[in-house]
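The values are calculated or read from the model by the stated rules, or taken from the named source; none is laboratory data. In this text, all values refer to a predicted model and were calculated from it rather than measured experimentally. Because the Cβ atoms are built from the backbone with ideal geometry, glycine has one as well, and the counts that use them run over all protein chains shown.
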Amino acid sequence: MSASRRVLITGISGQLAGLVARALEQRDEVLEIVGIDVKEPKHDLRRTEFVRADIRNPVVARVLEAAAIDTVLHLSTIAAPGSTGGRAGMKERNVIGAMQLLAACQRAPRLKRFVLKSTTAVYGSDHTDPGAFREEAAPRGSVTHGFAKDATEVEGYVRALGRRRKDVDVTVLRLANLLGPHLDSAFHSLFSLPVVPTVLGFDPRLQFLHEQDAVEVLERATVEDHPGIFNVAGEGVLYLSQCVRLAGRIPAPVPLPLVSAVAGAVRRSKRADVSPEQLRFLQFGRVVDLTALRERFGFQPRFTSAAAFEDFVAQRRLQGTIGTSDVVRWERELQQFLQRKGQERFLDRQRAEPRR
C-alpha cells in the first residue's frame, strides 16, 4: 500500500502537468496537490490548489512548509527558447529556477521524494552513439548548448540533493520525444509543416513516447517507490523517412551547410521552433535502452514508438499533403528506378570489362 502523499507540481500551467495533476486527483492516497506557476492553469482541475509564484522566488520554501509537502514533481523545465523570449530566458527559467527550487527542498524537513521529468536529450546525438543508450552512459560531448545542456545541469543538481538528503528518494525519468492529442511539441510543429525539412544523406532512428504513457509513468513515480534513473520510451524505432510518409508529408532534403539557415528561416516564420540541438537530432537520431524501465521500475509503455506516432497523426488529424495511395505508388516507382539503375550499372561494368 502506497503512503499518503502531499504533492507539489511545478509548471502546473503546462499541458503535461495538467494531465498528470488530473490523474493524481483520482488517487485516494494523494491527500493534497499544490500546483505552482506564474500562469494560471487552463485544465479542469478539481482538487489541485493553484499558487501563482515563480520557482526562482524564495517563497517556494514557504509553500513547501505551509502545505507540509512530502513529494515534489518537477515538470517546469522547458524545451523551446521561443516560449521564454530567447535562450537567455530559457536558461534562467530552467537552470536558475531548478537551483532555487532544490535549495528550498534542501531545507524542507517533510520532503521524502523528488521526481524530475528529464529528457533522453541528455545523451546528445552523434555519429559515435551506441546502438542504445543505457542510463549509466556518460553525457556526450555534443551536449553543449540549449535544452539538452539545461537538462544535464538540472539532473546534476537533483542528484546532489539526493546525496545531501539521504532521506529523500530521487527519481529521474528521461522521457523520449512526447506525442499525443493534447501536447504541443517540436515534432508536432515540425509535422504540421506541409513540407518537412530533413538533412540530406541522413535518416535517423527515432523513438517516441505517447502522452498516456508519460502521464502514467509520472503518476506512478509520484505515488510509488522507484528511486533511480530511468529511460522512458515506446518500444521499437521509426526512421524519419517513415514518419514523413506516415504523416503524408513531402520531405525536403537540405544540404548540411544550409541546415542552420533553413532552421532559422523556419523559426522566424513562427511555424516551428526548431533549435540547433533538434537539427543535430535530425541527423543522427537517438535510441535508448528500456531494460531498467521494465525490470526495475516495472513499467511497460502501452504504445510502441510506431503506435504512438500513428495515433498522433490520427488524433491530430494531420491532413497529408499527399495521399496514402500516392505514397505507395511513389515508393514503388522509386524502387523500380533504383533496380533499373542498378541493372544498368551492372551491364555497363560487364561491357567495360576486357574480354579474355
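Selection within region 1-22: residues that are in a loop (DSSP other than H, G, I, E, B) and either buried (at least 20 other Cβ atoms within 10 Å of the Cβ) or out of contact with any helix residue (DSSP H, G or I) (no Cβ under 8 Å at 6 or more places or on another chain) (or both). The member of this set that is modelled with the lowest pLDDT is M1. Of all residues in region 293-316, those that are more than 18 Å from the chain's Cα centre (by Cα) and either in the same structural domain as D129 (by TED's automatic domain parsing) or under 29 Å from V170 (Cβ atoms) (or both) total 5.
Just checking, how many residues over region 53-76 are within 26 Å of L183 (Cβ to Cβ), modelled with pLDDT of 95 or more and not in a loop (DSSP other than H, G, I, E, B)? Within region 53-76, residues that are within 26 Å of L183 (Cβ to Cβ), modelled with pLDDT of 95 or more and not in a loop (DSSP other than H, G, I, E, B) number 4. The sole residue among L282, L293 that is assigned to a helix (DSSP H, G or I), in contact with a helix residue (DSSP H, G or I) (Cβ under 9 Å, 6 or more places away or on another chain) and under 30 Å from G162 (Cα atoms) is L293. Against the conditions (1) over 24 Å from R22 (Cα atoms); (2) in contact (Cβ under 8 Å) with a residue 60 or more places away in the chain; (3) not basic (K, R), V244 satisfies every one except (2). Taking the listed residues L19, L8, L73, the one that is more than 21 Å from the chain's Cα centre (by Cα) and either within 30 Å of S269 (Cβ to Cβ) or in contact (Cβ under 8 Å) with a residue 12 or more places away in the chain (or both) is L8, with no other qualifying. Looking at T152, is it part of a strand (DSSP E or B) and out of contact with any Asp or Glu (no Cβ under 8 Å at 6 or more places or on another chain)? Taking the combined requirement at face value, the residue does not satisfy it. Take the residues in region 296-335 that are modelled with pLDDT of 95 or more and part of a loop (DSSP other than H, G, I, E, B); name whichever of them is nearest to Y239 (Cα to Cα). The residue in question is T304. Of the residues making up region 99-129, those that are modelled with pLDDT under 95 and among the small types (G, A, S) are A121, G124, S125.
Count of region 43-52 residues, restricted to those that are surrounded by fewer than 16 Cβ atoms within 10 Å (Cβ to Cβ) and part of a loop (DSSP other than H, G, I, E, B), is 3.
Checking each residue of region 23-37 against the condition of being in the same structural domain as L173 (by TED's automatic domain parsing), β-branched (V, I, T), touching a residue at least 24 places away in the same chain (Cβ under 8 Å) and not in a strand (DSSP E or B) gives no match.
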